[in-house]
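The values are calculated or read from the model by the stated rules, or taken from the named source; none is laboratory data. Since we're looking at a predicted model, the values are computed, not measured. Please note: Cβ atoms are built from the backbone with ideal geometry, for glycine as well, and neighbour counts cover all protein chains shown. For accessibility, only protein heavy atoms count, side chains too; no ligands or nucleic acids. Shrake-Rupley method; radii C 1.70, N 1.55, O 1.52, S 1.80 Å.
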Amino acid sequence: MSFLDTLAENFRAYPDKLALELLDSPRQRVTYSELESLVRRSEYYLRTLGFQQGDRVALQLTKSLEFIVLHLATVRLGGISLPLNPAYPPDEIEYFLSDSGARFLFALELNRIKFQSFIHRLPSLEHCIFLDPDDPKNFLAMLTPESTPGSAITKNAGYFQPNQDDTAVIIYTSGTTGQPKGAQITHGNLASNLQALHSAWGWQPEDVLLHVLPIFHVHGLFVALYGVLYAGATALMLRDFDPKKTLQALVENRCSVFMAVPTIHRRLINMPDANNFDLSHLRLITSGSDRLPDEVFTGFQKTFGYTLIERYGMTETGMNTTNPLHGERRLGSVGKPLPGVEVRIADTTTGGQLIAGSVGEVQLRGANIFKGYWNQPQKSSQAFTPEGWFRTGDLGFLSEDGYLTLVGREKDLIISGGMNVYPPEVERVLNEHPDVAVSAVIGCEDKDWGERVTAIVVLKPGQHSTSEELIRFCRSRLAPYKTPKVIRFRDSLPMNAMGKISKQELRNQDCAPEK
Ligand code: MLC
């Protein structure tokens, strides 16, 4: 059964049940039947604009009902949804729209002027709809039964019946080459991963999840939001993460499920009055998207009496492994493979499979693994071994009893607050600055972010740019989370025996230990 089939069943099974509630202002809440009506009306609206199966629909919106409804409508019509971080600056957005050949764009009214500077350069982009989810007379309010008379007819028309291999969503991930790639996530990927997670985590229709993550990523969109809709459960959503509001919402609404990244868990346990919040009604609290530091694992146990369930996933694969709901949640390990996911450890030189306890590259196989990068056949095939194993670029080992532990990365990647930052992308921007001769970007250990994006810059002779100027320059071209938090200047960069910049040496020298 596809996710769309399960969703349709839940629309029928739980018409009066609360599906989604956005707790921020403007407060928006919908039952399953109201959600279905809104999705149908949006489908009708898209059809009236000439929507065709396979069309890419870009959504650069805040976390809102508009985003969710338009996303679901796109996927139910057989289109490809393209969720985009609202913090992306115009340069990045233009690349995503152009590379994906998006035909529709829904963006925030406040960004209209920014978009108008480049949309004329995008021949595939036929429909740009600007909207303001905070306006009570907004887009959804205008999608009344009267304005969408055909939506009743579409009820009988049903929804798209996908093949396993049909792409449902494209999520852009940056890459080690510095050029972002669109990971194609298929209907088969979604169905297999949802099924696996539902059995592993014991999802129930009675579950109430507090949702504080962004919904333009795998974690917030598929693991959390789709997780809820697949179970016929309820999601209470906060647009932005705030530790106090989060703890209050968890307690006041007696939530049963919470999912977050280590930076969020750390900020929760660091709240001065954290001990006053009784979270004993939560049955499932997971951590993912970044390595869970030991002190956050134990700190959470001490503060809230709950042992976090660390799991391991990626944009290209969805979720791969998890610590168990019932059984040992092992400190430092990301748990065992989910049903249907094969994990092996391969020698980084020979590619041969290694035995338990040996460190090598983590490789994966299963129906959860994506079908490739959009329009990038070469990069797609490089992502797999000849035997069809997906190369994660993560280094780890399996224990005798099947628990996976990650110990590092083969690829040049920084994870900051659960967001992936690829140094080549940041270096490319820095090197475009007229004063910069060369730069190297590294991740330095950071108590809050996990890793802090740090740039080491060599200026051209006679140039005097300051770190503030370079940060401002990066900020105008990169999303805020990719922008270096620290810039250090040097006369030259250390080289290794291969004639490449030695990032290890830079890390040793330029990442001052945290107090
Ligand atoms: C925000 N900033 C970040 C940042 N998030 N900088 C570095 N890394 C980040 N992750 C910037 C802000 O823009 C701001 O910049 C400054 O840092 C301080 O912001 P803040 O208010 O402290 O940040 P906040 O809004 O609280 O966000 C922190 C956060 C957020 C941890 C809540 O980053 C977040 O939601 N992270 C989760 C990401 C996620 O869902 N990843 C899943 C990827 S899927 P300035 O300059 O304006 O001051 C995946 C697969 C899997 O990886 O397995 O899950």
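Here are the numbers:
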read-out	value
By accessible area with a 1.4 Å probe, ligands and nucleic acids excluded, highest first: order of Met271, Met319	Met271, Met319
Compactness of region 413-510 as Cα Rg over 2.2 N^0.38 Å, two decimals	1.01
Counted charge near Thr234, where neighbours are those whose Cβ lies closer than 9 Å (Asp, Glu -1; Lys, Arg +1)	-2
For region 304-444, alpha-carbon Rg and Dmax in angstrom	17.2, 57
For the chain, convex hull of alpha carbons as volume per residue, Å³	156
Zone of Ala13's modelled label, taken as backbone nitrogen in region 176-206 under 19 Å from a point 7 Å along Cα→Cβ	190-206
DSSP bridge pairs, the chain: antiparallel proportion in percent, nearest 5	60
Relative contact order (percent, whole number), the chain, Cα cutoff 8 Å, 6+ residue spacing	11
Eligible lysines near Lys411 by straight Cα distance, threshold 19 Å, same-chain separation 8 or greater	Lys181, Lys379, Lys482, Lys500, Lys503
Which of Asn420, His464, Gly450, positive extreme of dipole for region 413-510 (C-beta unit charges)	Asn420
Cubic angstrom per residue, convex hull over Cα atoms of region 1-92	114
Highest average packing first - 351-357, 196-202, 78-84, Cβ atoms within 10 Å	78-84, 196-202, 351-357
Debye log10 I(q)/I(0) for region 184-248, one point scatterer per Cα, at q = 0.13, 0.21 Å⁻¹	-0.37, -0.87
Cα-only radius of gyration and Dmax that characterise region 30-162, units Å	14.4, 42
Around Asp135: net Lys/Arg minus Asp/Glu count, Cβ-Cβ under 13 Å	-3
Residue-averaged 222 nm ellipticity for the chain, from DSSP H runs of 4+ at -39500 (n - 2.57), nearest 500	-8500 deg cm²/dmol
Among 222-229, 477-484, the order from most to least packed when residues are scored by Cβ within 10 Å on average	222-229, 477-484
Point-charge dipole on Cβ atoms (K/R +1, D/E -1) for region 30-162, about Cα centre, debye to 20	300
Dipole in debye (nearest 20) - the chain, about Cα centre, beta carbon charges: Lys, Arg +1; Asp, Glu -1	280
